[in-house]
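Here is the structure we will look at, set down as C-alpha cells.
The values are calculated or read from the model by the stated rules, or taken from the named source; none is laboratory data. This is a predicted model, so every value here is computed, not measured. Counting neighbours? That spans all protein chains shown, and the Cβs are built from the backbone with ideal geometry, glycine included. What goes into the accessible areas is simple: the full protein's heavy atoms, side chains included, and nothing from ligands, DNA or RNA. Shrake-Rupley method; radii C 1.70, N 1.55, O 1.52, S 1.80 Å.
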Amino acid sequence: MKKNLFLAAIGILLFAWGCNNNCKCNCNCSGCECSKDTSAAAALDFEVVDKAQVDLKDFAVDKDGYITLFDGQTLKGWRGYGMDEPPTSWDVQDGAIHLKGSGTGEAQVEGGGDLIFAHQFKNFDFEFEYKISEGGNSGVFYLAQEVTSKGEYLPIWQSASEFQVLDNDGHEDAKLGVDGNRQAASLYDMIPAKPQNAKKAGEWNKGKITVFKGTVIHAQNGENVLEYHLWTPKWKEMLQNSKFNETGDFPIAYKLLLNMGGDKHEGYVGFQDHGDDVWYRNVRIKIRD
C-alpha cells in the first residue's frame, strides 16, 4: 500500500510539472499552453445579419432579360448597408444614382454609408455605367454580406470583392498596390485590370461583373479586363498575398472572403461611399441558373 501511495504521489508531481504554463506536450491539462488555440481565427467573433429582401417581381425586366435595379428616378429597392433606408448622402441626379461627396475620403460622415440593392444574388451578369469626379474614389461590391462583430457592423469590403472605381489620373490609390491592382475595374488590391481602358474623370464608363459558379469576370468599356475563380486554392493564395491576409489587420475579412457569399454563395451588390462624388446609371442584372 505504501509503495502504491508513493508511486501515485510521484505521478501527481510529474503531471503537475508537465502542466506548467510552459508546457508543450499537448496534455490538455489546466493552464497548458499547448491546449490553447492561439490562431487568429480562434479569436474571430462575427455574425451574418439576415434582413428581409425585396421582391424582384416589383422590378421591370427589359428585352434582354435584365432586371432593372434603378428606374432612373428613385432609389426604390436600395438601402444603406446595415440600414433600413438609403443614406441621405445618396440621391438621384439627372437620371443617375449620385453620392454627394463629403471630401473626407474614406471617413463616412453623418448621413453617409454604402448603398446596396436589397436582394441577394448568386450567379449573374451585373451591368452599370459609372462616372467618377476628379480625384475621386468609389467601388462596386458584389456577393456582399451584412456582418456584425461585437455589436458593430463591419465595413462592407470585409465580406465582398470590389470592382474598383477610380480617377486613375487624379487619385493616389492608382499608384499604390501592385502592378496597378488598385486602378479602375481592378479586383481591388489583388488583380489589375488589363487593358486599363478607363476614361477620364467626368466621362461615363461601362462596367460589367459576371459571377457564375465561382468564375468571376470584370469587363470595362466593352473589354474583359480580368478573370478569377472563387473558393479555390488560388483564391486563398490571392487573399494571403493581399491586405486581407489571415495574419494581417483584417482577420475576419480573410475568413469571410475565403468563403465569399457564405454557405449559399450569394450576396448583395452595392456602391461604395468613399467620400467623393460618383454617379451610377443603367444599373441592371441578369440572373443566371
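Tell me, what % of the accessible area of the stretch 152-289 is carbon and sulfur with a 1.4 angstrom probe?
Working: 2890 of 6130 Å².
Accessible surface attributable to carbon and sulfur in the stretch 152-289 totals 47 percent.
In Å², what does the accessible area per residue of the stretch 71-224 work out to with a 1.4 Å probe? Write down the numbers at each step before the final one.
Details: 6330 Å² over 154 residues.
Heavy-atom accessible area per residue stands at 41 Å².
Set the Förster distance to 35 Å, then compute FRET efficiency between T88 and E237 from the Cβ-Cβ distance, nearest 0.05. All intermediate terms of the calculation are to be shown ahead of the outcome.
Values: r = 41 Å, r/R0 = 1.17.
Once rounded, the FRET efficiency stands at 0.30.
When all protein chains stay in place, what accessible area (Å², nearest 10, 1.4 Å probe) is found for H171?
About 40 Å², ignoring ligands and nucleic acids.
Looking at the square roots a ≥ b ≥ c of the eigenvalues of the Cα gyration tensor of the stretch 167-289, which shape do they give, rounded for a/c under 1.5, prolate if a/b is larger than b/c, or oblate? Intermediate values should be presented prior to the final figure.
Values: a/c = 1.68, a/b = 1.24, b/c = 1.36.
In terms of gyration-tensor shape, oblate.
What does the charge count around F124 come to, taking other residues whose C-beta lies under 14 Å from its C-beta (Lys +1, Arg +1, Asp -1, Glu -1)?
Details: positive: K122, K208, K213, K264, R284, K286, R288; negative: D64, D125, E127, E266, D289.
So the surrounding residues net to +2.
What order do M260, M190, M83 take when sorted by accessible area (1.4 Å probe), most exposed first?
Numbers: M260 0, M190 35, M83 60 Å².
Descending accessible area places them as M83, M190, M260.
Can you check what the net charge comes to around Y188, using other residues whose Cβ is under 11 Å from the Cβ of Y188 (Lys, Arg +1; Asp, Glu -1)? Please report the intermediate quantities before stating the final value.
Working: positive: R182, K243; negative: E162, D173, D189.
Here the count lands on -1.
Explain nothing, just the number: dipole magnitude of the stretch 70-188 about its Cα centre with +1 on each Lys and Arg Cβ and -1 on each Asp and Glu Cβ, in debye rounded to the nearest 20. Before the final figure, lay out each step's value.
Working: 8 positive and 20 negative charges, 57 e Å.
So the magnitude is around 280 debye.
Taking amide H positions as placed 1.01 Å from N in the peptide plane, with prolines and chain starts having none, which residues 5 or more places from Q93, or on another chain, fall under 5 Å of its amide H?
Close amide H contacts, sequence-distant or interchain: H98.
Out of the chymotrypsin sites (Phe, Trp or Tyr not before Pro) in the stretch 100-173, which ones are loop residues according to DSSP with at most 10 other C-beta atoms within 10 Å?
Values: sites: F117, F121, F124, F126, F128, Y130, F141, Y142, Y153, W157, F163; in loops: none.
Sites meeting the loop and neighbour criteria: none at all.
I'd like the FRET efficiency for R288 and V48, computed as 1/(1 + (r/R0)^6) with the beta carbon distance as r and R0 of 22 Å, rounded to 0.05.
0.40
How many lysine pairs are close in the stretch 54-167, with Cα atoms under 20 Å apart and the two 8 or more places apart or on different chains?
Working: K57/K76; K57/K122; K76/K100; K100/K131.
So the count works out to 4.
Give me the net charge for the shell around K150: Cβ to Cβ below 11 angstrom, other residues only, Lys and Arg +1, Asp and Glu -1. List each step's numbers first, then the result.
Numbers: positive: none; negative: D45, E47, E152.
Local charge sum for K150: -3.
Quick one: accessible surface of W231, probe radius 1.4 Å, all protein chains present, in square angstrom to the nearest 10.
Counting only protein heavy atoms, the figure is 80 Å².
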